[in-house]
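Structure first, commentary second.
Coordinate-derived values only; no laboratory data. These figures come from a predicted structure and were not determined experimentally. Reconstructed Cβ throughout: ideal geometry from the backbone, glycine too, with neighbour counts over all protein chains shown.
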Amino acid sequence: MTTNILFAALLLAPLIGFLFNGIRYQSKNCLLAGTVASGAALLSFACSVVLVYQLAHLPVESRALTAHFFDWMTVATFKVSAAFLLDQISAIMVLVVTGVGSLIHIFSVGYMSHDERPSKYFAYLNLFLFNMLLLILGDNLLVMFVGWEGVGLCSYLLIGFWFTDREKAAAGMKAFITNRIGDAGFLVGIFLIFATFGTVTFTNLISLLPAAAEVGWTGPITLACLFLFVGATGKSAQIPLYVWLPDAMAGPTPVSALIHAATMVTAGVYMMVRLSALYVLAPNAMMVVAIVGALTALMAASIGMTQWDIKKILAYSTVSQLGYMVLGVGVGAFMPAMFHLMTHAFFKALMFLGSGSVIHAMHEEQDVRKMGGLRKYMPITHATFLIGWLAIIGMPPFAGFFSKDEILWNAWNLPGAGKLFWLVGVVGAAITAFYMTRLMALVFWGKSRVSSHVHPHEAPPSMAIPLIILGVLSLVGGWVGIPHVISAILPGHPENILGHWLEPALARLPHEIHGSALLEWSLMGISVGVAGLSAWFAFDSYIKHPDRPQKITAKIRPVYELVNDKYRVDELYFGRIINPLVDISKGLWAYIDVNFIDKATYAAADLIKSAGGGIRAIQNGNIQHYALMVALGLVLLIVFAL
């Protein structure tokens, strides 16, 4: 099978699934709709596996597969094609997106079985997958931007899927508008790259980059990287554009798993890793990226400590983990950033789907204060969620341990502010361990607080099987990126497969990592120890001494209320930005649109109408009148001639 056919099947399978279910969007046959959509996703995954297999057997120096379908834009020397690229970076993404995406599609068959519009839901899900594939496989920034906008549209449709609820519809609109702000910055970044280098194709761009890094803040590369990062703050939910993601929990829970674990929210991280050669030439921009990532990781984790909605807790956890990925990009740890992107897709998709299983069993209840003791009713969900919990808090040998500590190790070795970034990362890890243990304790452990009319039950096989697969991946997925310091003490000295795979495709910062093995082990032990102590404290507080959290909260009531109100960022945006803009817009409409533009338009129309009425009086259909006008015209001509 040729490469072009495989690329076409990979991209078109979910598009055909979208068309099939979209045409019959009113159908209530969930099994048929889900089978078609899941089959399309699985076909894309199968094509991805074959393509990556072919890619792996190419020589390292020429490890890339391309497919050119047609010329899209040609203006003078500027040429953009509908072309696609599979290399070491996009290979990781395409396997994660199609693999985890397929599991989420299958899980949705059971989860959406009682919904009124399953065909519409699965149509949107397939369209989202198609656009995500455009984003990660496009060989230039414009094809990437088409997919970038496409996933933004699909997120709006999926988050606001239950649009009859005004709150859910508003959440979809909030996500759409917030992402448009970031996308405007992304578009400016693309323009700056084209204006500077005359191309938007990745391979051509990399070949044209200068050898020396920019020093100041106003260089074209630095500005382009900063504007591209604005786009990333929207898609990957970083400060200040993170506010859409927690509200995006309004959509069906599998949507949360798809958008907020494996696909859309990682697009910003992927874009920056894809352009790593550009970012290493803009050290000031990378410092901004690192600072924003570190602050986002810490801020979102602190908010997660105070939330009671099971999906909101996971949402703020997602924002925090994305902060770690962005921090990795900012400190030049591009491989660890991609590594954490992959492992996070496993354990966060697992936890979101696990929360969906809990919500399904609890008859749509999402408040963790009304749960407790669910492990005896839901053993599979509990066991898999337990694996996800151990992975996200960074306990060895689970997946999150390897990727998180690689980011922290690279942060420590960054000259200058690296030690501070490491400290912020460790504090964030401690907070993560606390609120994720709090979530486990309130949902699965301790005494049951479930209402008497609710009868929890285990998920059906269509939901349980994806949980088990993701649980296995969350357990073993980290071993593909095992660091050298751990490999050195293991039998056979297994290599860092992911590191060797990605290394040829990623840029490097000029500084080298010189830390000793003892130092690396020490830092690893500190981060794991701090997280372990934090998890134990949370368990002791919510299981052994359940009155302790209330006592602590009472002592720090003002701080608790501030964090519980999410630092009142939404209120700040509404009070200082959104409402003033609305008021200004109303004033412009009233005084400019209505009193000036409308009145000027009406006056011009009245003038033309009056002039037309005068001329119309001449055209009255009276032959004698026309003859008189002709005679008068002749007399005037004669007089003029004489």
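Near LYS419, which lysines are there with a Cα under 19 Å away, not counting those fewer than 8 places off in the same chain?
Correct list for LYS419: LYS404.
Between region 446-512 and region 301-380, what is the separation of their alpha carbon centroids in Å?
For region 446-512 versus region 301-380, the Cα centre distance is 13 Å.
Apply 1/(1 + (r/R0)^6) to the Cβ-Cβ distance of VAL476 and THR3, taking R0 = 35 Å, and write down the FRET efficiency to the nearest 0.05.
0.70
How high is the FRET efficiency between PHE596 and GLU561 when r is their beta carbon distance and R₀ equals 51 Å, given to the nearest 0.05?
Working: r = 47 Å, r/R0 = 0.92.
Efficiency, rounded to the nearest 0.05: 0.60.
How many angstrom separate the Cα center of region 410-438 from the Cα center of region 28-77?
37 Å
As a footprinting exposure proxy, order SER207, SER527, SER44, SER113 by other Cβ within 10 Å, with the fewest listed first.
SER207, SER113, SER527, SER44
Take TRP536, TRP479 and order them by how many other Cβ atoms sit within 10 Å, fewest up front.
TRP536, TRP479
What FRET efficiency comes out for the pair ALA641/ALA611, r = Cβ-Cβ distance, R0 = 35 Å, nearest 0.05? Can you show the working numbers first?
Details: r = 31 Å, r/R0 = 0.87.
Plugging the Cβ-Cβ distance into 1/(1 + (r/R0)^6) gives 0.70.
Between ALA517 and HIS68, what length comes free when the chain is fully extended (0.36 nm per residue of separation minus the Cα-Cα distance, one decimal in nm)?
Answer, rounded to one decimal: 157.0 nm.
Take ILE468, ILE393, ILE5 and order them by how many other Cβ atoms sit within 10 Å, fewest up front.
On the way: ILE468 16, ILE393 27, ILE5 11.
So the ranking, lowest neighbour count to highest, is ILE5, ILE468, ILE393.
Return the sequence-ordered ³J(HN,Hα) values of region 281-294 in whole Hz as given by the Karplus equation 6.51 cos²θ - 1.76 cosθ + 1.60 applied to θ = phi - 60°, using x for Gly and Pro.
Karplus values, whole Hz, x for Gly and Pro: 8, 10, x, 5, 5, 5, 5, 4, 4, 5, 5, 5, x, 5.
Please give the contour-minus-distance gain from ASN204 to ARG508: 0.36 nm per residue of separation, less the Cα-Cα distance, rounded to one decimal in nm. Display every interim value, and only then the final one.
On the way: separation 304, 0.36 × 304 = 109.44 nm, distance 1.88 nm.
Gain on extension, ASN204 to ARG508, equals 107.6 nm.
Can you give the extra length, in nm with one decimal, that the chain gains between ILE526 and VAL60 once fully stretched, where that is 0.36 nm per residue apart less the Cα-Cα distance? Working shown, then result.
On the way: separation 466, 0.36 × 466 = 167.76 nm, distance 3.70 nm.
Length gained between ILE526 and VAL60: 164.1 nm.
Straight-line reach from LYS555: which lysines have a Cα under 30 Å away, not including same-chain ones fewer than 8 places off?
Once the sequence-local lysines are set aside, what remains near LYS555 is LYS311, LYS312, LYS370, LYS447, LYS544, LYS566.
Given LEU228, VAL454, THR253, which one lies farthest toward the positive end of the charge dipole of region 140-564, if we put +1 on the Cβ of every Lys and Arg and -1 on the Cβ of every Asp and Glu?
It is VAL454.
Helix-only estimate, please: 222 nm mean residue ellipticity of the chain, summing -39500 (n - 2.57) across DSSP H runs of length 4 or more and dividing by its residues, to the nearest 500.
Values: 28 runs with 431 residues, N = 642.
After summing the helix terms and dividing by residue count, I get -22000 deg cm²/dmol.
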